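As structure tokens, the structure follows; a few thoughts come after it.
The values are calculated or read from the model by the stated rules, or taken from the named source; none is laboratory data. The model shown is predicted, which means the values in this text are computed figures rather than measured ones. Note that each Cβ is placed from the backbone with ideal geometry, even for glycine, and that neighbours are counted across all protein chains shown.
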2 protein chains.
Amino acid sequence: MSKILVQKFGGTSVGDPERIKRVAARIKSYYEKGYQLVVVVSAMGHTTDELVDLAGKIAKNPPKREMDMLLSTGEQISIALLAMALHDIEIPALSFTGGQVNIVTDGNFSNARIESIDTKRLIAELDKKQVCIVAGFQGIDENQNITTLGRGGSDTTAVALAAALKAKECEIYTDVDGVYTTDPNKVEGARKLNQISYDEMLELASLGAGVLHSRAVEFAKKYGVVIHVKSSFNHNEGTKVVSENEIMEKITVTGVTLKSDDARMTVADIPDKPGIAAEIFGALADKKINIDVIVQSSSRPAGSTGKDRHNTIAFTLPIAAIGEAKSVIETLTKKWGAGSISTDENIAIVSAVGIGMKSHTGVAASMFKALADNNINIEMISTSEIKISCVIAKDRGKDALRLVHAVFGLDKTA
Amino acid sequence: MSKILVQKFGGTSVGDPERIKRVAARIKSYYEKGYQLVVVVSAMGHTTDELVDLAGKIAKNPPKREMDMLLSTGEQISIALLAMALHDIEIPALSFTGGQVNIVTDGNFSNARIESIDTKRLIAELDKKQVCIVAGFQGIDENQNITTLGRGGSDTTAVALAAALKAKECEIYTDVDGVYTTDPNKVEGARKLNQISYDEMLELASLGAGVLHSRAVEFAKKYGVVIHVKSSFNHNEGTKVVSENEIMEKITVTGVTLKSDDARMTVADIPDKPGIAAEIFGALADKKINIDVIVQSSSRPAGSTGKDRHNTIAFTLPIAAIGEAKSVIETLTKKWGAGSISTDENIAIVSAVGIGMKSHTGVAASMFKALADNNINIEMISTSEIKISCVIAKDRGKDALRLVHAVFGLDKTA
């Protein structure tokens, strides 16, 4: 079994000199157990925000290449300081920028994708018993330009390094103990999971419960990297994100989430002809607006002929995106000469996620019944192979979350 | 004649967003004149000091490799911001780290020397009408480790780039108008020089009058790069540092300097045998203590035989280095079983520099006479081909500076 362990510490974990020293002490304890360590770090606390502010004082619309040149200094500062902290407690360590360990990405500045990693230098240094500290969030393109990976980029760096180095696992340190059955701040009985599958984690991440960024999880799934989500404040076992095959007992529902910052937009009276939905969601996707639940229905107004059938499309989107979405769709309704738009911010989305749904029937029915028994009206429903989402009234959101969490036996007390 | 112009802006010139914009506007004016511009910048104002402080909070004795990794972010921030500022006024610009333009140095972290520059990328971008902004002070060694060049490193980067690119000249922007005959803050009549030779500049730089770092001047001399020292606050012509051959009229004395932070250390009663001086100054050089004037004298005590000849060596050194120098020499006097050390902080060194001294006689005599006529006692004298230095009492320093400046006709009014 590989002795290589990748550990990733986020911006909060390296937020000030004292915390950096604490991270160094933790690394030392693993080093002394005989692990070969590759450590990925993010920029310290608010460094990135400060650099963004600085750029804002210089230019209204700074070019992305130069933003990446600027922002990548944040991680470079962290890696140098962490290497110093390790030296200070007599652990040999070397820091590396993304470019120095050949994390080669495409040329899509500010949102680049990793294409390859050359591990030669890292392996040589690990064999010399050096701890290798690698800057997260950054790489270089084929022309040596510095690129950044976008949101959650340091997680992706860590997983990609673990894949390239065939590491034992990739530990992601956060400010929580692991992945929970639901948000512990909202439901008292929330329980930490020991294991979760990539697909479940992806559904949970995209629902905003994410301690991990989707892209990192997708990468881990693709290369079979075990991600271990742990707290940087204690030494407890966290949650391992693994492939479905490794999960022995397939619990029906693993996690339950609540999303309260979405609204519903309804586009009514639109022509019932092929391609309309594609046109709407294509236009919204171009603006990078995140759509979650979609429901389409068609109706024939009383007394009309077949040709008059009309369509209604309703979907959920972030409240913050309403304005942009409206103007996108108004362009379309003008073109069609038909259609009206209405929005409702008074909604919440409760979702249950679990790979066990694939083999268990009646999961949806249990969820619907639990909500109905408690007079919570379901306004929209959306299902996938491992997820059920219900749109309900916003003021019943927390009740619904607790109920669904309990009905699937996820409570600690259960 | 080459259309390539290298311009270097120091930390003060890019100290805040407003100043960065002003630098961008200046660059634009040159760009529009048709120059191909390579711009070297230092870290913003106090960035480097702040990073050094941060490192001090992490480790008592941080490894130099990691200090270079840390400090090089300062210039990387400046280049990104300056490129943004240029884009904002519609001048195409790309920023480059030292590594990205292959400024290859030796592996001597924190004080590396440039070994080679590969100009391919720069020339390609210049030909596409891009302004190329290069981080000063930094390079990479043959293993891709980031190195820094030590004090005055950005000047060296600029001169090295000008040499490699065969640029028309290398403009160094500072907060003064150019090189003066003496410090204008101390002598009212100080005059800006239009031209100065490399050797004169080297003598002046090493005397602390330096707007330019010695290593940059040495580099310029070696490769025949014309350095043009200019103010970043106006558009006046500055001072050109050129080879001796290009200077038409060889003025006897070009500049006069005063050094008031040196002390004299006298080591008396030491054995008069070969190698003693080498031992003393070798040991001081090992500690990187800067010695300026040296005077050695030997005497035979009254009534003694030839074998009893004793030696006295006196030299000047920075006041701040007295403690270290004392302990170095005490080790030697113990070993010899002879010698006593005394120090005198009450001195100043006034120096006159000029290539014209080579062909003019009587320069030293004029200087000594001017001092003697004004009752300024000369305690030590040191001369080189183009420099005369006199050690005098500290409280007569400014008087001496003014007198020597006037006697060689350097005053504006002269």
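Residues that are surrounded by 19 or more Cβ atoms within 10 Å (Cβ to Cβ), at the interface with chain B (Cβ under 9 Å from one of its Cβ atoms) and polar (S, T, N, Q) were ranked within the range A:47-104; the one that is nearest to B:ILE140 (Cα to Cα) is A:GLN100. Cβ-Cβ distances below 9 Å connect the following pairs, each with a first residue in the range B:261-283 that is within 15 Å of B:THR333 (Cβ to Cβ) and touching a residue at least 40 places away in the same chain (Cβ under 8 Å), a second residue that is among the charged types (D, E, K, R) and not in a helix (DSSP H, G or I), and a separation of six or more residues or different chains: B:MET265/B:ASP344; B:THR266/B:ASP344; B:PRO271/B:ARG309.
Checked against (1) assigned to a helix (DSSP H, G or I); (2) touching a residue at least 40 places away in the same chain (Cβ under 8 Å); (3) more than 8 Å from chain A (Cβ to nearest Cβ), B:ALA43 passes all but condition (1).
Quick test for you: out of A:ALA190, A:ALA164, A:ALA158, pick the one residue that is surrounded by fewer than 23 Cβ atoms within 10 Å (Cβ to Cβ) and within 24 Å of A:GLN36 (Cα to Cα). Spell out the reasoning first.
Working: A:ALA190 fails: within 24 Å of A:GLN36 (Cα to Cα); A:ALA158 fails: surrounded by fewer than 23 Cβ atoms within 10 Å (Cβ to Cβ).
Within the list A:ALA190, A:ALA164, A:ALA158, the selection yields A:ALA164.
In a residue-by-residue description of the range B:133-152, the property of being closer than 14 Å to B:LEU5 by Cα and either out of contact with any helix residue (DSSP H, G or I) (no Cβ under 9 Å at 6 or more places or on another chain) or buried (at least 22 other Cβ atoms within 10 Å of the Cβ) (or both) applies to at least one position. So which residues in the range A:248-268 are more than 19 Å from A:GLU324 (Cα to Cα) and acidic (Asp, Glu), if there are any at all? Correct list: A:GLU249 only.
For the range A:24-40, a residue qualifies if it is away from chain B (no Cβ under 13 Å), assigned to a helix (DSSP H, G or I) and in contact (Cβ under 8 Å) with a residue 24 or more places away in the chain, and the qualifying residues are A:ARG26, A:ILE27, A:LYS28, A:TYR30, A:TYR31. Within the range A:120-128, can one find any residue that is modelled with pLDDT of 95 or more, within 12 Å of chain B (Cβ to nearest Cβ) and under 26 Å from the mean Cα position of the chain (by Cα)? No, because not a single residue in the range A:120-128 is modelled with pLDDT of 95 or more, within 12 Å of chain B (Cβ to nearest Cβ) and under 26 Å from the mean Cα position of the chain (by Cα).
Summed over the range A:1-21, the residues that are touching a residue at least 12 places away in the same chain (Cβ under 8 Å) and either assigned to a strand (DSSP E or B) or over 23 Å from A:ALA160 (Cα atoms) (or both) give a count of 11.
The residues of the range B:170-194 that are more than 19 Å from B:ALA352 (Cβ to Cβ) and assigned to a strand (DSSP E or B), listed by number, are B:CYS170, B:GLU171, B:ILE172, B:TYR173, B:THR174.
On the stretch given as the range A:335-350, residues that are in contact (Cβ under 8 Å) with a residue 12 or more places away in the chain and in a helix (DSSP H, G or I) total 1. None of A:LEU332, A:LEU371 is of a type outside the set (Gly, Ala, Ser), in contact with an Asp or Glu (Cβ under 7 Å, 6 or more places away or on another chain) and either free of Cβ contacts under 8 Å to residues at least 40 places away in the same chain or surrounded by 15 or more Cβ atoms within 10 Å (Cβ to Cβ) (or both) except A:LEU332.
Hey, among the residues in the range B:242-279 that are in contact with a His (Cβ under 8 Å, 6 or more places away or on another chain) and β-branched (Val, Ile, Thr), which one's farthest from B:GLY178 (Cα to Cα)?
So in the range B:242-279, the residues in contact with a His (Cβ under 8 Å, 6 or more places away or on another chain) come out as B:252, B:256, B:268-272.
Those still in the list that are β-branched (Val, Ile, Thr) too: B:252, B:256, B:270.
Working: B:THR252: 20, B:VAL256: 15, B:ILE270: 46 Å.
Ranking the candidates gives B:ILE270 first.
Taking residues in the range A:142-153 that are within 14 Å of chain B (Cβ to nearest Cβ), and partners anywhere that are of a type in the set (Asp, Glu) and part of a loop (DSSP other than H, G, I, E, B), the pairs with Cβ atoms closer than 8 Å and at least 6 places apart or on different chains are A:THR147/A:ASP106; A:THR147/A:ASP141.
Here is a check on your reading of the model: is A:GLY362 in the same structural domain as A:THR257 (by TED's automatic domain parsing), over 17 Å from A:ILE313 (Cβ atoms) and buried (at least 18 other Cβ atoms within 10 Å of the Cβ)? When the stated conditions are applied, A:GLY362 does not pass them. Applying the criterion of being outside any loop (DSSP other than H, G, I, E, B) and touching a Leu at 6+ places or on another chain (Cβ under 8 Å) to the residues of the range A:195-214, the residue that is nearest to A:VAL293 (Cα to Cα) is A:ALA205. In the range A:13-23 there is no residue that is more than 10 Å from every other protein chain (Cβ to nearest Cβ), touching a strand residue (DSSP E or B) at 6+ places or on another chain (Cβ under 9 Å), crowded, with 16+ Cβ neighbours inside 10 Å and within 28 Å of B:ASP141 (Cα to Cα). State whether the residues of the range A:168-184 include one that is over 21 Å from A:VAL226 (Cα atoms) and either out of contact with any Ser or Thr (no Cβ under 9 Å at 6 or more places or on another chain) or within 14 Å of chain B (Cβ to nearest Cβ) (or both). Yes, there is a match, as at least one residue in the range A:168-184 is over 21 Å from A:VAL226 (Cα atoms) and either out of contact with any Ser or Thr (no Cβ under 9 Å at 6 or more places or on another chain) or within 14 Å of chain B (Cβ to nearest Cβ) (or both). Quickly run through the range A:89-132 and pick out the residues that are touching a helix residue (DSSP H, G or I) at 6+ places or on another chain (Cβ under 9 Å) and among the acidic types (Asp, Glu). Answer for the range A:89-132, where residues must be touching a helix residue (DSSP H, G or I) at 6+ places or on another chain (Cβ under 9 Å) and among the acidic types (Asp, Glu): A:GLU90, A:ASP118. Among the numbered conditions (1) surrounded by fewer than 23 Cβ atoms within 10 Å (Cβ to Cβ); (2) touching a Phe, Trp or Tyr at 6+ places or on another chain (Cβ under 8 Å), the only one that A:ARG113 does not meet is (2). The strands (runs of 3 or more DSSP E) falling completely within the range B:81-141 that include 3 or more residues that are touching a Leu at 6+ places or on another chain (Cβ under 7 Å) map to B:131-135. When we screen B:ALA162, B:ALA167, B:ALA216, B:ALA135 for residues that are within 18 Å of the chain's Cα centre (by Cα) and among the small types (Gly, Ala, Ser), the only hit is B:ALA216.
Looking at the structure I just gave you, is A:HIS405 in contact (Cβ under 8 Å) with a residue 12 or more places away in the chain and either in contact with a Phe, Trp or Tyr (Cβ under 6 Å, 6 or more places away or on another chain) or assigned to a loop (DSSP other than H, G, I, E, B) (or both)? So A:HIS405 fails the test. Taking the criterion of being over 30 Å from A:ALA338 (Cα atoms), buried (at least 20 other Cβ atoms within 10 Å of the Cβ) and not small (Gly, Ala, Ser), would at least one residue in the range A:258-277 satisfy it? Yes, the range A:258-277 has at least one match. For B:PHE233, are the conditions met, namely being without any contact (Cβ under 8 Å) to a residue 60 or more places away in the chain and under 22 Å from the mean Cα position of the chain (by Cα)? Yes: the conditions hold for B:PHE233. Comparison of B:ILE355, B:ILE313, B:ILE392 shows that the only residue that is within 25 Å of the chain's Cα centre (by Cα) and without any contact (Cβ under 8 Å) to a residue 60 or more places away in the chain is B:ILE392.
Filtered by the rule that a residue be part of a loop (DSSP other than H, G, I, E, B) and in contact with a Lys or Arg (Cβ under 8 Å, 6 or more places away or on another chain), the range B:220-234 gives B:VAL226, B:SER232.
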